[in-house]
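Computed from the coordinates by the stated procedures, all read-outs in this text should not be read as laboratory data. Quick caveat: nothing in here was measured; it's all calculated off a predicted structure. Please note: Cβ atoms are built from the backbone with ideal geometry, for glycine as well, and neighbour counts cover all protein chains shown.
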Amino acid sequence: MFSRGISPGQEGFALPSVLLMITLLSLVAISVLGLQLILRRVALMEIGKVKAEYAAESGIAKSLAEVGAANDILRVLSGLNLHFDSEDESRSDVELQPWGVYIRARSEGGFHQFRTSLTALTACNPSSEFDNALIFANATHQLVFTGSAGILGNVLTGQPGATVGNLSNYNTPIQIPIKGTLRRDQRPDLVPFDTLLLASQVRSYQDLLSGKIKMGGDAHILSLGSGIDFLVDHRIITDSLDYLFIRGNVTIDAKIARSERPLFVVVNGDILLKEPFTASGLVAILGSGALTIQEEVKIDEAILYSWKSVELKEGATVSAQLIAPSILLKSGSRAQYPSALISTIVGLPDSTRQSIFLSDGAQVEGFVGLYSTGLSAQTDRLITVRPGANVTGAIFSGGAVTLDGTVQGCVMTRDFYFYEPPTKYFGWLRSGTIDRTRLPSGYLVPYGFSTTKELDVLDWL
Amino acid sequence: MTILIHIKRDDGYTLLETVVAMALFVSVLLPLGVAVGNLMLDRTSDEFSLRLRLAEAEMSRTMVERDFTWASIKTSEGYLVNRQVERIGFLRNVRISVSKSGSGEKSILVISKTFLDYE
């Protein structure tokens, strides 16, 4: 402007200042517009994510309803894939596979470009048999109460029914201590146990242990051995590992968490799980020898299988499926819901002794089951609940039960048994109590132990 | 040419400039200012989030209380939350729609979820 010869003080400033203002305001407008667009996109993303998550959950519900209605576990054993489309344009792809005595459901929900995946463990709603406090499936002798034994809930027995008995060192009840109805059946029986899932899972574990490996071509495998004593820590177990094979006794103190891809640790030898061992989610530890779990380890949803025995040391707390012929919970140990203690000899000699022993003060929340096809004596197929031990859930025994502790839920057994020198007592209860009214609502049982096939979500991983 | 030189030398140049500036101010700056103001006051994204929260809360309530009845709830924020439930076998398909109260019930957000119900 000076070049135009206008003297200082006379040059214009309104136009430059307006142009400057326009520039500044344009920048502000662009920024605010950008911010608004981002906020709107975030809000729409929230909606998309919620719809994708709902689609994933809905997919699991639909797949469980479909499998339950078809009552066809065979399709699940080899892995069942299902696809669902919803009217709101969301979709879900669900994969169902066995996970021990439960069924694992992995669902990927989608809405436009948004995706969410969820994994759940599922189990069965208890059938009407579980409405009873006790099913005493023995047609040959009476159910005999003595001492402080008592039952709150309905009882089903054989024709001999129930009575009270005299036993030295124990008070004799004045009347039969059943607060509920007592029903006699000509041929009382346990819930018919559908063994397909359990047997197929146990056989697959045995195949892994015996080297008959069946796995996908892209499986990530690591083999260690042969040695005497291995120490497995976090450096060995990487996130991409699918199978870890070890020959020899092993101590594991790694921290493992899996929510989508399972990890199988297969050990030909004894296993010791010690602090700071942590297993969360889809982790299966399979051993041919004794499996011992020490105090202070953390186990959540894992499978612990042994050809011989599983032992929880004093004070150990887990939430897991313990599967072995012999299971021992030492004093003060705890298996939290949804734990399952399953004694089975599938694939093992019929003469193999089976036992589940809950020491004084041990606690189980979930399912305690002894399944047997063996012909050995009932005392070789025994669930023992010591005084002070507590089961919240259900006990199912194809052999006998020594019940001196408490059960908050129900008991199904072929017989009761205890030994008071010099006599073996069959059908007697001396200090055990069963309270059916304290079974929590929403309690689910492993697949096969319920006559209904009403599958429901047990836990989200 | 003489006039141009005269104009160039005239102090009135700033008047022309002011006129142009005023024209720009009226035609560009004011609308731009109004637009920026509107954008800053825009609460559309907040409303999206609010509708989603209302729908999610109703879905959670339905699931926890197992209340599978049809219902229409007017919220304090001026929205109408509708719950529709359809039963297919053991499945309950719950559809929650949110509409502006008094807008002829035209849904502005719909979420749906399927539950298992063995009862």
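What distance in nm separates the two pseudo spin-label positions at A:R438 and B:A35, each 7 Å out from Cα along the beta-carbon direction?
Label at A:R438, label at B:A35, 7.2 nm between them.
Quick query: amide H of A:A320 versus all other amide H atoms, modeled in the peptide plane; which residues come in under 5 Å with a sequence gap of 5 or more or a different chain?
Residues meeting the amide H criterion: A:E301, A:Q336, A:S339, A:A340.
Using the Cα centre of chain B as the reference point, and only Cβ charges (+1 on K/R, -1 on D/E), how large is the resulting charge dipole? Debye, rounded to the nearest 20.
Dipole about the Cα centre, nearest 20: 320 debye.
For B:A71 and A:R261, FRET efficiency with R0 = 30 Å and r from the beta-carbon atoms, rounded to 0.05?
It comes to 0.10.
Per residue of the range A:443-455, in order, report the coupling 6.51 cos²θ - 1.76 cosθ + 1.60 (Karplus, θ = phi - 60°) as ³J(HN,Hα) in whole Hz, putting x for Gly and Pro.
5, 10, 10, x, 4, x, 8, 10, 6, 7, 10, 7, 7
With a ≥ b ≥ c the root eigenvalues of the C-alpha gyration tensor of the range A:329-461, is it rounded (a/c under 1.5), prolate (a/b larger than b/c) or oblate?
oblate
At q = 0.18, 0.20 Å⁻¹, work out log10 I(q)/I(0) for the range A:219-307 with the Debye formula, treating every Cα as an identical point scatterer and leaving solvent out; two decimals please.
-0.69, -0.87
Report, to the nearest 10°, how far helix A:196-209 tilts away from the longest principal axis of the Cα atoms in chain A, using its own Cα long axis and a range of 0 to 90°.
80
For the range B:44-116, just say rounded, prolate or oblate: build the C-alpha gyration tensor, square-root its eigenvalues into a ≥ b ≥ c, call rounded for a/c under 1.5, and beyond that prolate if a/b exceeds b/c, oblate if not.
Prolate, since a/c reaches 1.5 and a/b exceeds b/c.
Taking θ as phi - 60°, what are the ³J(HN,Hα) couplings along the range B:22-34 by the Karplus curve (6.51, -1.76, 1.60), each to the nearest whole Hz, with x for Gly and Pro?
These are the phi-based 3J(HN,Hα) values: 5, 4, 5, 4, 6, 7, 10, 5, 4, x, 5, x, 4 Hz.
Fully extended, how many nm does the chain gain between A:Q113 and A:D207 (0.36 nm per residue separation, minus their Cα-Cα distance)?
Answer, rounded to one decimal: 29.7 nm.
What residues from the range B:24-67 fall in the zone where the backbone N is under 19 Å from a label point 7 Å along the Cα-to-C-beta line of A:V28?
Within reach of a label on A:V28, which here means backbone N under 19 Å from a point 7 Å along Cα→Cβ, the range B:24-67 contributes B:24-43.
Hey, got a sec? Which GluC sites (Glu not before Pro) in the range B:32-78 land in a DSSP loop and have at most 15 other Cβ atoms within 10 Å?
B:E77
I'd like the FRET efficiency for B:V28 and A:R41, computed as 1/(1 + (r/R0)^6) with the beta carbon distance as r and R0 of 25 Å, rounded to 0.05.
Between B:V28 and A:R41 the formula returns 0.35.
Residue separation times 0.36 nm, minus the C-alpha to C-alpha distance between A:L348 and A:D459: what's the value?
36.9 nm
Not counting the cut sites, what is the longest span of chain B without trypsin sites (Lys or Arg not before Pro) that DSSP labels loop and that have at most 15 other Cβ atoms within 10 Å?
B:1-42
Below 16 Å, Cα to Cα, which aspartates and glutamates can A:K274 reach? Residues fewer than 8 away in the same chain don't count.
A:D229, A:D233, A:D253, A:E295, A:E296, A:D300, A:E311, A:E314
Out of the DSSP beta bridges found with both residues in chain A, what percent are antiparallel (nearest 5)?
25
Using the Cα centre of the protein assembly as shown as the reference point, and only Cβ charges (+1 on K/R, -1 on D/E), how large is the resulting charge dipole? Debye, rounded to the nearest 20.
380
Evaluate peptide A:77-90: per residue, the Cβ atoms of other protein chains within 10 Å of its Cβ; return the mean as an integer.
Mean partner-chain Cβ count within 10 Å for A:77-90: 1.
Mind checking A:39-48 for the average number of partner chain beta-carbons within 10 Å of each residue's beta-carbon?
The per-residue average across the peptide is 4.
Taking the inverse of the average 1/r across all pairs of different Cα atoms in the protein assembly as shown, what Kirkwood radius in Å do you get?
One decimal place: 28.6 Å for the Kirkwood radius.
For the ranges A:182-192, A:273-283, A:58-68, A:201-211, what's the packing order if you count other beta-carbon atoms within 10 Å of each residue, average per peptide, and put the highest first?
Packing proxy ranking, top to bottom: A:58-68, A:273-283, A:201-211, A:182-192.
If you find the alpha carbon centre of the range B:72-88 and of the range A:409-433, how far apart are they in angstrom?
Value for the Cα centre distance between the two parts: 56 Å.
Compute the helix-to-body angle for A:14-70: its Cα long axis versus the longest principal axis of chain A, expressed 0 to 90° and rounded to tens.
Helix A:14-70 sits roughly 20 degrees off the main axis of chain A.
Simple spin-label model, 7 Å along Cα-to-Cβ: A:E295 to A:L231 in nm?
For A:E295 paired with A:L231, the spin-label model returns 2.2 nm.
Applying 1/(1 + (r/R0)^6) with R0 = 60 Å to the Cβ-Cβ distance of B:R53 and A:L224, what FRET efficiency is obtained, to the nearest 0.05?
Once the sixth-power term is evaluated, E becomes 0.70.
Just counting partner chain Cβ atoms within 10 Å, what average do the residues of peptide A:52-59 show around their Cβ?
3
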